[in-house]
Each structure stands twice: as C-alpha cells, then as structure tokens.
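Supplied in structure tokens, the structure appears directly below.
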Amino acid sequence: SYGCGPTAMAMVVASMTDTQTDPAAMAAWAADNGYWARRSGSYHSIVPGTAQAFGLEARSLEERTVEQLRQELSRGHVLVALVGPGHFTNGGHFILLRGMTLSGDILVADPNSLERSLTVWDPQLILDELSSARDSGAPLWVLSIPSS
C-alpha cells in the first residue's frame, strides 16, 4: 500500500535510461538509500534522488499552469506529480504524467490503477489535485534526459 513512489520511479528509470528495474528492485534501492518512510511510504526526496542516481535531470515545475504542463510534455519530458485527495487517492500518491493527446488532455501512468492509466485527464483537474507539499521540489517535478 506504500509502493507508489518506488513504482513510479521504476517506470521512469526503466523507460528513460538503459537500466532495467522493476518496482520491487526500486523499492529495495529506495529503502537502502534512505527514501523509505516507515508506515507512510516514500519521502518526497525519492524523485530528485532517484533521478540523480540514475543520470536524469529533475527540476521542480514552479509555474504550475495548464500551458506549462502541455509545454513540458510536448518537449518529451515526463512529470512526476504528487497528488492529494481526489480522483487518484484519498491521501498522498505519486503518478506520472507521461504524455498528451492531440486535444491537450493528459495521459498518466498511475502505479495503483490500470484503469486510471488508460483514461485521459483534464490538465486542470490534475493541477487542482496536486498535493500542498512543497519540500524536495514537490508537488510537480519535470524529469528529462540531460543534453550532451
């Protein structure tokens, strides 16, 4: 029930790097590296920490607007969103914003729901449900492959 952070980061690492990993391996790595919070899931620092460890760039998305979300996704970036209560969770939950439809709706990868991962989402709804947390870059990070 506390595996969304490592699962989201396993999806990021496996799809954006040459590293093969899975949620169980990433959970073990996260625990070994201090990103596991007993009885409450992952520390928010799992996102920038994992990105750095696996050669990715992570930055907080400070301008959290529909236009900015669409711009980052159109550049091929993946966003990690920490959401609060709403359509995705009753508490706190990490999801990936993985793409965009031609009409501008958002495609997600939800570590806890295939159904939500196959649904298109209004970008404003996602922005409205972001967590109020503001530590370690939360609640929205842009992940990218560093330029050479």
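The values are calculated or read from the model by the stated rules, or taken from the named source; none is laboratory data. Predicted model, so just to flag it, every value in this text is computed and none were measured. Cβ coordinates were reconstructed from backbone atoms using ideal geometry, including for glycine residues, and neighbour counts include every protein chain displayed. Heads up: the accessible areas ignore ligands, DNA and RNA and are worked out on the full protein's heavy atoms, side chains in. Shrake-Rupley method; radii C 1.70, N 1.55, O 1.52, S 1.80 Å.
Checking VAL66 against (1) out of contact with any Asp or Glu (no Cβ under 8 Å at 6 or more places or on another chain); (2) of a type in the set (A, V, I, L, M, F, W, C); (3) over 25 Å from ARG134 (Cβ atoms), only one condition comes out false. Which one?
Unmet condition: (3).
Looking at ALA138, ALA109, ALA51, ALA133, which one is over 16 Å from PRO6 (Cα atoms), open to solvent by less than 40 Å² (accessible area, probe 1.4 Å) and in contact (Cβ under 8 Å) with a residue 60 or more places away in the chain?
ALA133
Closer than 24 Å to PRO48 by Cα, out of contact with any helix residue (DSSP H, G or I) (no Cβ under 7 Å at 6 or more places or on another chain) and without any contact (Cβ under 8 Å) to a residue 24 or more places away in the chain: is that true of SER117 in this structure?
Values: closer than 24 Å to PRO48 by Cα: yes; out of contact with any helix residue (DSSP H, G or I) (no Cβ under 7 Å at 6 or more places or on another chain): yes; without any contact (Cβ under 8 Å) to a residue 24 or more places away in the chain: yes.
Spelling it out, SER117 is indeed closer than 24 Å to PRO48 by Cα, out of contact with any helix residue (DSSP H, G or I) (no Cβ under 7 Å at 6 or more places or on another chain) and without any contact (Cβ under 8 Å) to a residue 24 or more places away in the chain.
Evaluate segment 60-83: report whether one residue or more is assigned to a helix (DSSP H, G or I), touching a helix residue (DSSP H, G or I) at 6+ places or on another chain (Cβ under 6 Å) and surrounded by 16 or more Cβ atoms within 10 Å (Cβ to Cβ). Step through it out loud before you land on a result.
Going through segment 60-83, the residues assigned to a helix (DSSP H, G or I) turn out to be 66-74.
In the following step, the residues that additionally are touching a helix residue (DSSP H, G or I) at 6+ places or on another chain (Cβ under 6 Å) were identified as 66, 69.
Remaining after also requiring surrounded by 16 or more Cβ atoms within 10 Å (Cβ to Cβ): 69.
Yes, the conditions are met somewhere in segment 60-83.
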